[in-house]
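A.B. asks: Sending over a structure as structure tokens; questions will come in a sec.
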Amino acid sequence: MAVYGVAAAVLASVESRQGSIRGLVYASGFQNVKQLYALVCETRRYSAVLDAVIANAGLLQAEKKLRPHLAKVLVYDLLLGGGFRGGRGRWKRLLHRHEARLKAELARLKVHRGVSRNEDLLEVGCRPGPAVQVPRFVRVNTLKTCSDDAIDYFKRQGFSYQGQASSLEDLRALKGKCFLLDLLLPELLVFPAQTDLHEHPLYQAGHLILQDKASCLPAMLLAPPPGSHVIDACAAPGNKTSHLAALLKNQGKIFAFDLDAKRLASMATLLARAGVSCCELAKEDFLAVSPSDQRYRQVQYILLDPSCSGSGMLTRQLEEPGAGAPSKERLHALAGFQQRALCHALTFPSLQRLVYSTCSLCQEENEDVVRDALQQSPGAFRLAPVLPSWPHRGLCTFPGAEHCLRASPETTLTGGFFIAVLERVEVPGSVSQAEASAPELVPSSAPKRKKRRRKAAAAPSTLPCT
């Protein structure tokens, strides 16, 4: 199976310090990025355990042509992962010859260390923390299907649907093949933490997007109505872009920018699989995009999720076991870029609503960036109060910061995240139809739907996707 060879190559490159796991995975060109990333991260996390088992079983001595990194990946999936998935190829036959000895050596290692679970074999810094307790969130791609149909499909597969969650406790209690509908997002399904859906036919067909709940909030809170023009300023890998397209119902235009050509190529594949047809991808630095360019004169919505330290990412625990907080120098550099990007976004003349988000826990990248940007545009924008029942708010470092949202495994059962929604205080006179869209700035769904229906009646032809 191709994934094992690619994973072995990535693992070897990581150990020789040729790049990060994430960067090397994207550079590999392998289509199923998430499957490859998870396999490499988990193999690396159990590296010391796998080395001991392979050495004690004499695998490399018996199979002279088997490279060490490939052996490690294969043995991880056989003993600790989801089971070997290599069909009837040469690796299947090779592992079958040594399977009994490998399993015996793993069992002997557990006895020697006095543990019963695989994860107890890990060093303390590599053991799973809150990430294990975070459920598997699955966004239904409404460009291709609907929540009811997805739920029916899972029920036919033997999953037990528990209805809509009423609290976080419902999500914590999930186990086995039970699943729920999220209490906040109507298109978000919730499964037990270790549910693996990478091989599921609905995921592979683009009907499902594996996306953390916190990562779904930026597009939901931006809430661009169908027909809108939207900028996704730092777009790759594309999950939020596909969510924006679903909210637009593929009607309107998304201008998506990113500087990394390989990440954009992977993003194009993701968007095509998701049925997105209203997005224009550009390999371009968002800071170099001119707000006065006529192509963006109708842009009223911007989603800005810039590069950040990733200190809130659950996968960071896998990629960098025991990693501490980012250095002050790195935070200073990142915050400088983030502030420039946010201030630049606020200069687009027709902008009405902007969502700034990061997967960082650091105040320097979050509240401080928002505060400084608002100070540089005095009186033009304000923080919009959103989701008043959300339990984790922004740090009270300046007046209004409580309108920002934070997320964490402990408080919201999601990855670590930060979100701020900025809205224009006064509608610019240069936008001829801005008054008509002003009600869209209020996060109230019922009035919004009425407004859209009246608008649709007055102008039956929608803006075509290109």
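The values are calculated or read from the model by the stated rules, or taken from the named source; none is laboratory data. For clarity, every value in this text was computed on a predicted model and none was experimentally measured. Here the Cβ positions follow ideal geometry from the backbone for every residue, glycine too, while neighbour counts run over all protein chains shown. Accessible surface areas use protein heavy atoms only, side chains included; no ligands, DNA or RNA. Shrake-Rupley method; radii C 1.70, N 1.55, O 1.52, S 1.80 Å.
A.B. asks: Within segment 27-42, is there a residue that is at positive phi, open to solvent by 50 Å² or more (accessible area, probe 1.4 Å) and at pLDDT 85 or above?
C.D. replies: No, there is no match, as no residue in segment 27-42 is at positive phi, open to solvent by 50 Å² or more (accessible area, probe 1.4 Å) and at pLDDT 85 or above.
A.B. asks: A further question follows. Of the residues Gly206, Gly227, which single one is modelled with pLDDT of 95 or more and either open to solvent by less than 10 Å² (accessible area, probe 1.4 Å) or hydroxyl-bearing (Ser, Thr, Tyr) (or both)?
C.D. replies: Going through Gly206, Gly227 in turn, just one is modelled with pLDDT of 95 or more and either open to solvent by less than 10 Å² (accessible area, probe 1.4 Å) or hydroxyl-bearing (Ser, Thr, Tyr) (or both): Gly206.
A.B. asks: In the set Lys253, Lys283, Lys249, which member is touching a strand residue (DSSP E or B) at 6+ places or on another chain (Cβ under 9 Å), among the basic types (Lys, Arg) and within 21 Å of Leu143 (Cβ to Cβ)?
C.D. replies: Selected residue: Lys253, the only one of Lys253, Lys283, Lys249 that is touching a strand residue (DSSP E or B) at 6+ places or on another chain (Cβ under 9 Å), among the basic types (Lys, Arg) and within 21 Å of Leu143 (Cβ to Cβ).
A.B. asks: Report yes if Gly81 is open to solvent by 30 Å² or more (accessible area, probe 1.4 Å) and closer than 30 Å to Arg273 by Cα, otherwise no.
C.D. replies: So Gly81 fits the description; yes.
A.B. asks: So, in segment 351-394, exactly how many residues are touching a Phe, Trp or Tyr at 6+ places or on another chain (Cβ under 9 Å), open to solvent by less than 10 Å² (accessible area, probe 1.4 Å) and touching a residue at least 60 places away in the same chain (Cβ under 8 Å)?
C.D. replies: Number of matching residues: 8.
A.B. asks: Which helices (runs of 4 or more DSSP H) sit wholly inside segment 139-248 and have at least 1 residues that are β-branched (Val, Ile, Thr) and within 24 Å of Gly416 (Cα to Cα)?
C.D. replies: Because the criterion is at least 1 residues that are β-branched (Val, Ile, Thr) and within 24 Å of Gly416 (Cα to Cα), the helices (runs of 4 or more DSSP H) in segment 139-248 that meet it are 239-248.
A.B. asks: Looking at (1) more than 17 Å from Ala274 (Cα to Cα); (2) touching a residue at least 40 places away in the same chain (Cβ under 8 Å); (3) more than 20 Å from the chain's Cα centre (by Cα), which is the only condition Gln251 fails?
C.D. replies: Among (1) more than 17 Å from Ala274 (Cα to Cα); (2) touching a residue at least 40 places away in the same chain (Cβ under 8 Å); (3) more than 20 Å from the chain's Cα centre (by Cα), Gln251 violates only (1).
A.B. asks: What do you reckon, is Ala2 in contact with a Phe, Trp or Tyr (Cβ under 8 Å, 6 or more places away or on another chain) and surrounded by fewer than 19 Cβ atoms within 10 Å (Cβ to Cβ)?
C.D. replies: yes
A.B. asks: Quick test for you: out of Leu180, Leu244, Leu222, pick the one residue that is modelled with pLDDT of 95 or more, of a type outside the set (Ser, Thr, Tyr) and within 16 Å of the chain's Cα centre (by Cα).
C.D. replies: Leu244
A.B. asks: Is there a residue being in a loop (DSSP other than H, G, I, E, B), at pLDDT 85 or above and open to solvent by less than 30 Å² (accessible area, probe 1.4 Å) anywhere in segment 89-108?
C.D. replies: Looking for residues that are in a loop (DSSP other than H, G, I, E, B), at pLDDT 85 or above and open to solvent by less than 30 Å² (accessible area, probe 1.4 Å), one finds none in segment 89-108, hence no.
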